[in-house]
Each structure stands twice: as C-alpha cells, then as structure tokens.
Amino acid sequence: MTTEMQEIAITEDKPLLPGQPDGIKVRGHLRYTREHTVETAHGVLHVTVHGTGNARRPAILTFHDVGLESKSCFSTLFKFEEMQEIVKNFTVVHIDALGQEDGAAAYPAGYQYPSMDQLAETVPTVLQYFNFRTIIGVGVGAGAYILAKFAMCNPEAVEGLVLINIDAEARGWMDWAAHKLTTLTSSITEQILTHLFSQEEMSAGTELLQSHRERISKASHLPNMELFWKSYNNRRDLNIDRSNTFKCPVMLVVGDQAPHEDAAVECNSKLDPTTTSFLKMADAGGMPQLTQPSKLTEAFKYFIQGMGYMASSCMTRLSRSRTTSLSSSYSMEGSRSRSRTLSQSSQGGQMPPSPSHTMEVSC
C-alpha cells in the first residue's frame with residue numbers, strides 16, 4: 001500500500017469516544033483510540049488502534065475467535081485494571097476478521113470467504129499500513145491459529161505469541177463426521193457456542209453464555225460469522241513439530257474445562273520446551289480471557305518481562321504473594337529463552353521444587 005493511499009484512509013479514521021478526538025488520558029499518559037479501514041488483497045479489514053505509538057517496542061496485536069469480534073473477545077481483558085500497566089507501554093492493535101466487526105454488512109449469497117491461510121496473509125498488510133516492525137501476537141481460537149500461521153511464515157515480524165485455545169491440527173475424519181451431523185441438528189448459533197464454551201458452561205446456562213447466545217443470534221452479520229466458522233473448520237494442519245516451530249517465545253493458554261484442552265496439550269507437546277510456556281487455568285471454561293482476566297494478566301506480564309520488556313514493572317497482588325517461590329523460575333538472566341510449564345491449580349499449598357522447570361501456581 002502506498003503512502004498516498006495510507007494518508008487518504010487515515011483521514012477517514014474516527015475516535016471511538018465521542019467528544020475526545022485528540023485521545024484519552026490513562027493514568028497520566030495520552031493514548032489514542034482510533035478505528036481504521038485497511039484494504040488487503042482478500043478484502044477490507046476493520047482495525048482498532050489504542051496507544052501512544054511507541055516505535056521502540058513491538059505492538060500488541062490481537063485476533064479474535066469465531067462468533068466474536070475484537071471488542072467482545074478482548075475488551076474485558078484489556079480494560080482490566082491491572083492490565084493498564086502493560087497497555088500504557090505498548091500500542092495495542094485489534095484486528096477484526098473480514099466481515100466480523102460489529103454492524104458489518106452481510107456478504108451476498110455465494111461470496112467466497114477467505115481461507116484461514118488467506119486471513120493470515122492479511123496481517124502483513126496491517127503491519128505495513130501502520131509501519132509496525134514487530135508485534136506480540138495475542139490470539140484466541142481461530143485467531144490463535146491465524147497468528148500462529150502468520151508467525152510461521154513471518155518469523156522476523158513476531159517477538160512473542162500468546163495463543164489461547166489453539167488447535168493447530170486440521171479436522172480428522174471423525175471430527176468431520178461429527179461436525180456434519182451437528183450442522184444437521186443444530187443452528188449456527190449453537191454450533192459456535194459449543195466452540196466457545198465448555199460442556200459444563202453449556203449445561204449450566206451461565207449468564208455469559210446467555211449474553212453471547214443473544215448477541216450472536218441477533219447479529220446482522222450472522223451469515224458472515226457462518227462463513228468464518230466454515231473457514232475455520234476447513235483449516236489445514238499447521239504441521240508444527242520440533243524441527244518446524246515458532247522462532248519466538250510462546251505462551252499457550254487453555255482452561256482446564258475448555259473444549260480445546262486436549263488440542264492445546266497436543267500443541268504444547270510439539271513445541272520447543274525452552275521457549276514455550278503452558279498455562280492451564282483452573283476453574284476456567286472456554287473463554288479464560290473473559291472469566292479469568294486477573295490470572296491471564298499476571299501470566300502475560302511475566303511473559304513480557306521474560307522478553308526483556310517492563311523489567312521494573314510493579315508486581316500485582318498474586319506475584320507479591322509468590323515473590324520468593326517465583327523468582328528462580330522467572331529469572332531472565334539476560335536471555336529470552338526459558339523453559340517452563342505453568343499449571344494453575346485451585347488447591348492451596350506450597351509450590352514444590354522445580355528441577356524440570358514445571359510449576360504450579362495456586363490462585
């Protein structure tokens with residue numbers, strides 16, 4: 001995209017908060033929140049940017065899951081009080097997958113929605129548009145797959161990855177058959193909900209579940225969600241193994257009651273243990289970024305510190321209570337390569353010795 005085209009598009013940007021066209025104050029820092037329309041080879045993306053434009057650090061770039069958009073997927077996490085210490089130091093970029101932003105016009109019948117690989121190809125255009133050199137990617141579900149694909153094809157552009165509910169494998173024949181049966185007996189709304197929520201959450205009919213059921217079923221762009229859902233179900237295997245893996249630190253996150261737990265465990269087994277963290281969150285279902293923002297913020301802070309950013313950051317309540325136990329395992333020692341597995345347990349007690357860099361954090 002040329003500079004002239006970028007300037008034309010920027011004149012159409014608009015602040016998200018009425019009456020504050022020049023930005024908003026967050027704890028003394030002037031931060032801008034703007035919406036952008038970015039043309040890519042596969043369609044027009046809606047992108048929201050929050051931040052001060054710190055070019056010396058990577059941007060935190062997010063990609064949401066099926067049935068969601070950036071606001072419903074990440075707002076709870078990035079507006080969480082303790083997360084502000086992180087976001088005030090970075091530019092945060094939220095990408096809405098093609099046609100998934102709130103209020104998007106439904107695509108016409110017969111529209112050929114991009115494949116997951118093609119959606120991953122839209123990310124470099126966003127980086128070029130905003131002149132971002134590198135990113136820290138945060139993806140959930142389908143968004144985790146897309147950012148993982150992008151990182152494997154563009155390793156020089158990714159400094160770190162946080163992948164929530166990642167399923168790096170294509171559907172097997174049994175999964176394909178089960179999915180076909182489900183499409184005959186369930187509405188698209190219910191299909192998406194069973195992807196987003198655990199069986200326990202579906203049975204309990206939680207308030208969060210009900211709010212998302214209503215939001216999805218009444219969405220004007222529900223046909224677009226269905227196209228994204230079909231694209232995700234037709235994804236290809238990422239073919240990750242120890243010889244073909246990410247070139248950056250990775251943190252895998254999944255709830256211990258999530259429908260994607262087995263897939264995340266399988267992905268973790270194929271990654272380089274010296275650069276991979278695995279966080280299994282206790283008492284968390286399919287959307288830990290919404291139900292457990294405190295635990296995820298804490299882990300994200302340590303992840304960023306391990307990359308060499310925010311080394312003097314203030315500790316939160318959880319880390320203060322665990323300072324002695326955590327210090328040896330989280331020591332950066334001037335290196336960005338660390339080997340550890342984080343498993344959050346709801347049971348109390350002292351943390352055991354960790355000769356193999358395996359840790360349990362009671363919360």
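Per-residue answers, yes or no, for (1) closer than 30 Å to V44 by Cα; (2) modelled with pLDDT of 95 or more; (3) among the acidic types (D, E):
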| site | (1), (2), (3) |
| --- | --- |
| F150 | yes, yes, no |
| E156 | yes, yes, yes |
| L161 | yes, yes, no |
| G172 | no, no, no |
| K180 | no, no, no |
| S211 | yes, yes, no |
| I216 | yes, yes, no |
| A219 | yes, yes, no |
| F228 | yes, yes, no |
Which of the residues belonging to the stretch 91-135 are open to solvent by 50 Å² or more (accessible area, probe 1.4 Å) and outside any loop (DSSP other than H, G, I, E, B)?
Q118, Q128
Can you say whether S269 is closer than 30 Å to A106 by Cβ, surrounded by fewer than 19 Cβ atoms within 10 Å (Cβ to Cβ) and polar (S, T, N, Q), as far as the supplied structure shows?
no
So, of the residues in the stretch 136-164 that are without any contact (Cβ under 8 Å) to a residue 40 or more places away in the chain and open to solvent by less than 40 Å² (accessible area, probe 1.4 Å), which turns out to be farthest from A299 (Cα to Cα)?
N154
Out of the residues in the stretch 51-75 that are without any contact (Cβ under 8 Å) to a residue 40 or more places away in the chain and buried (at least 21 other Cβ atoms within 10 Å of the Cβ), which is farthest from L196 (Cα to Cα)?
S70
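Assess whether L290 counts as being touching a Pro at 6+ places or on another chain (Cβ under 8 Å), outside any loop (DSSP other than H, G, I, E, B) and crowded, with 21+ Cβ neighbours inside 10 Å. Walk me through how you get there before you give the answer.
Working: touching a Pro at 6+ places or on another chain (Cβ under 8 Å): no; outside any loop (DSSP other than H, G, I, E, B): yes; crowded, with 21+ Cβ neighbours inside 10 Å: yes.
Taking the combined requirement at face value, the residue does not satisfy it.
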State whether the residues of the stretch 317-327 include one that is at pLDDT below 95, out of contact with any strand residue (DSSP E or B) (no Cβ under 7 Å at 6 or more places or on another chain) and open to solvent by less than 20 Å² (accessible area, probe 1.4 Å).
yes
Considering residues that are within 20 Å of T194 (Cβ to Cβ) and either in a loop (DSSP other than H, G, I, E, B) or over 15 Å from the mean Cα position of the chain (by Cα) (or both), the number found within the stretch 264-280 is 2
Being touching a residue at least 60 places away in the same chain (Cβ under 8 Å) and either within 25 Å of Y129 (Cβ to Cβ) or open to solvent by less than 30 Å² (accessible area, probe 1.4 Å) (or both) is the filter here; which residues of the stretch 76-86 pass it?
L77, M83, I86
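The values are calculated or read from the model by the stated rules, or taken from the named source; none is laboratory data. Fair warning: this is a prediction, and the values are worked out from it, not measured in the lab. Glycine also receives a Cβ, built like all others from the backbone with ideal geometry; neighbour counts cover every protein chain displayed. Heads up: the accessible areas ignore ligands, DNA and RNA and are worked out on the full protein's heavy atoms, side chains in. Shrake-Rupley method; radii C 1.70, N 1.55, O 1.52, S 1.80 Å.
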